[in-house]
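Before any comments, here is the structure.
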Amino acid sequence: MIEYLLIFSNATGIYGFMNTPWGWPIIESIHFFGLSLLIGTVGIFDLRLLGVGQGIQYSQMHKLVKVGVFGYSLNVMTGIMFLTTAPDQYIYNPAFQTKLFFMIIAGLNMIVFYLTTAHAVKTTPADSYATHPAKVIGAVSLLCWAMVIICGRLITYFRPPYHWCWFC
């Protein structure tokens, strides 16, 4: 798998760009900007679900989610650049594997939100609280994204000397 990621990275020019003096810092900055957009919008919406900012209309807050999706897209694109440039630093790293796990849980949580409570939340009056299921979904989302951030930071500090993979 590592060989295929490196072949992709070389064939697309990602590897060459990332190994220039400014490649990695530029992509890190874009990754951080995407994370800021994601957490700055989805995180605020989740806090609103938990009751913070009572008086702010849920439907108005939900309009910000599109900005968060754009931030997430930036993170996926830059994350692929990191992964394909140095796959051995990521594939076998438990912090990276845990980060992916929480991203999957966050994605599933979002699907549950849109299938179960999104419509009811958008029509909830600004001075009312969200339903208990919506609050749970908001709390799970905040927890997952916090863990994604924490695990993302731990990637650079946790590099086992062996190839360990809990899902391989």
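The values are calculated or read from the model by the stated rules, or taken from the named source; none is laboratory data. Note that this is a predicted model, so its numbers are computed, not measured. Cβ: placed from backbone, ideal geometry, glycine included. Neighbour counts: every protein chain shown.
Odds and ends about this structure:
- Residue count for the range 7-21, restricted to those that are within 25 Å of the chain's Cα centre (by Cα) and over 16 Å from residue 77 (Cα atoms): 1
- Selection status of residue 59, among the small types (Gly, Ala, Ser), part of a loop (DSSP other than H, G, I, E, B), more than 15 Å from the chain's Cα centre (by Cα) and surrounded by fewer than 14 Cβ atoms within 10 Å (Cβ to Cβ): no
- Some residue of the range 146-166 being more than 16 Å from the chain's Cα centre (by Cα), in a helix (DSSP H, G or I) and in contact (Cβ under 8 Å) with a residue 40 or more places away in the chain: no
- The helices (runs of 4 or more DSSP H) found wholly in the range 65-117 and carrying at least 1 residues that are at pLDDT 95 or above occupy 65-85, 94-116.
- Only one of the numbered conditions (1) outside any helix (DSSP H, G or I); (2) surrounded by fewer than 17 Cβ atoms within 10 Å (Cβ to Cβ) is not met by residue 124, and that is (2).
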